[in-house]
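The values are calculated or read from the model by the stated rules, or taken from the named source; none is laboratory data. As the structure is a computational prediction, the values presented were derived from the model and not from experiment. Neighbour counts run over all protein chains shown; Cβ positions are idealised from the backbone, glycine included. Surface areas here come from the heavy atoms of the whole protein model, side chains and all, with no ligands, DNA or RNA. Shrake-Rupley method; radii C 1.70, N 1.55, O 1.52, S 1.80 Å.
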Amino acid sequence: MTATLLSDANQRLEKALQYVTIHEDAIERLKFPKASLTVSIPVRMDDGSLRVFQGYRVRYDDSRGPTKGGVRFHPSVTLDEVQSLAFWMTFKCAALSIPFGGAKGGITLNPKELSKFELERLSRGYIDLIADFIGPDIDIPAPDVYTNPMIMGWMMDQYSTIRRQITPAVVTGKPLTMGGSLGRETATAMGAFFTIQTLMPKYDRRPEETTVAVQGFGNAGSVIAELLFRAGYKVVAVSDSQGGVYAPEGLDIPSIRQFKESTRGIKAVYCKGTVCNSIDHEVLTNAELLELDVDILVPAALENQITGENAARIRAPFIFEVANGPITSAADQILEEKGIQVFPDILVNAGGVTVSYFEWVQNRCGYYWSLEEVNQRLKEKMTRETELIWVISHELSCSMRTAAYVHALKRLAEAIEAKGTRDDYTS
Ligand code: NAD
């Protein structure tokens, strides 16, 4: 799967280049990651044995500032995957006008097979090996799939131990008491919610008439499902890695979240008065969820979910990419031909990195904002950049994805060109 990810990501760049003139030096620079580090992390397991895990950190481009990007713990992590995720981070930060470049990290493992002690040793071991590659003014890790605030706290603590000074700004997504920001845990979903609220009225869609299916019920998926539910949308299907539930009349998302937290599984839950019944039988697979006849589809799990194989069967007229790279470029074309509007990951899920940026700012000035302030600033940023990308897509008659790349490319090219191009050296 991942062998084609970076070249697939580069195809989006190629497409955007048809709509914007930027200097060839900038294009050449953006085709390759700046630096990629591969590490082997030895971990003493609880039974006394030693296991070595492969880890990666990639800094794709830092023309606009220190690089920024999450760390993923997943069995399918490869260098190619991390490089393409770092590419997307570069464009995401530029699209949102965040003064960061793009990076990503990952360790190849199934975290569910490790105890908490083992995970802590692994997280600290990873930082030991990449400590010279990261830093508040170099590269700032954050959470991603199967990593969480506690893991970010371990990583910050280990970096601080190595440097012999408390350095909260080296990692974002930390626990609040270790310098985390209010609103960071819900930021990705909150940002996506603001994008949906900005765009849906343009299509005369009201929440109460709009059905939604959400794939993935983690940090991003479960929160966006609840935000949409509370705003009056009819969330009819949700799923996690084990499968999902579907109810045409709408699901009670807060109860499902509660159920998921207590049992780690997803079940449809119906409440009457104070009594809730969990229903088992409306189970559907992740493939079925993607093909449901709903108004909005929200992929919020992993990449490569909608491909050339299943794109023709997708029925939702609107797709909001909360996951990174859930749609391949081959699928993009099929969806476009079907008239399906895709709102791209580099815009829709940028709330996470935006509040990570806010966390970094708060760490550096040592003054912490209220939740209202965080959400207000997030709303302003998401709404402004969504509107700008919308205008570009209409001016250039191109998809929102291409418009988002054009928007980001202009900012990236400006930063790269500011250091001088061939024109400056040969005239
Ligand atoms: P998470 O680990 O909290 O949750 C992942 C969810 O996906 C879980 O519910 C898991 O069961 C489910 N899942 C895993 N494999 C699946 C499969 N094959 N089919 C369906 N569901 C599956 O991760 P997260 O932080 O919610 O991230 C989800 C996506 O959002 C990723 O693509 C991530 O890169 C992206 N994202 C996350 C953030 C963030 O701040 N957390 C920011 C930007 C983008």
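Please give the strands (runs of 3 or more DSSP E) falling wholly within segment 289-370 in which 1 or more residues are within 11 Å of the ligand (Cβ to nearest atom) and not polar (S, T, N, Q).
Answer list for segment 289-370: 296-299.
Looking at segment 97-105, is at least one residue open to solvent by 10 Å² or more (accessible area, probe 1.4 Å) and under 16 Å from Ala142 (Cβ atoms)?
Yes, there is a match, as at least one residue in segment 97-105 is open to solvent by 10 Å² or more (accessible area, probe 1.4 Å) and under 16 Å from Ala142 (Cβ atoms).
Only one of (1) modelled with pLDDT under 95; (2) exposed (fewer than 15 other Cβ atoms within 10 Å of the Cβ) is not met by Ile416, so which one is it?
Exception for Ile416: condition (2).
I'd like to check which strands (runs of 3 or more DSSP E) are fully inside segment 135-252 and have at least 2 residues that are more than 14 Å from the ligand (Cβ to nearest atom) and open to solvent by less than 50 Å² (accessible area, probe 1.4 Å).
Working: elements: 139-143, 211-215, 234-240, 243-246.
Here the list reads 211-215, 234-240.
Determine if segment 51-66 includes at least one residue that is exposed (fewer than 15 other Cβ atoms within 10 Å of the Cβ), away from the ligand (no atom under 16 Å from the Cβ), more than 18 Å from Asn324 (Cα to Cα) and at pLDDT below 95.
No, that holds for no residue.
Tell me which residues, restricted to segment 1-46, are of a type in the set (S, T, N, Q), outside any helix (DSSP H, G or I) and exposed (fewer than 15 other Cβ atoms within 10 Å of the Cβ).
Gln18, Thr21, Thr38, Ser40
Quick one: how many residues across segment 106-131 are open to solvent by 20 Å² or more (accessible area, probe 1.4 Å) and out of contact with any helix residue (DSSP H, G or I) (no Cβ under 8 Å at 6 or more places or on another chain)?
The total comes to 9.
Trp88 is checked against (1) surrounded by 18 or more Cβ atoms within 10 Å (Cβ to Cβ); (2) modelled with pLDDT of 95 or more; (3) within 23 Å of Glu359 (Cβ to Cβ); (4) of a type outside the set (Ser, Thr, Tyr) and fails just one. What number does that condition carry?
Checking Trp88 against (1) surrounded by 18 or more Cβ atoms within 10 Å (Cβ to Cβ); (2) modelled with pLDDT of 95 or more; (3) within 23 Å of Glu359 (Cβ to Cβ); (4) of a type outside the set (Ser, Thr, Tyr), the one that fails is (2).
Going residue by residue through segment 311-320, is there one that turns out to be open to solvent by less than 10 Å² (accessible area, probe 1.4 Å) and aromatic (Phe, Trp, Tyr)?
Taking every residue of segment 311-320 in turn, at least one turns out to be open to solvent by less than 10 Å² (accessible area, probe 1.4 Å) and aromatic (Phe, Trp, Tyr).
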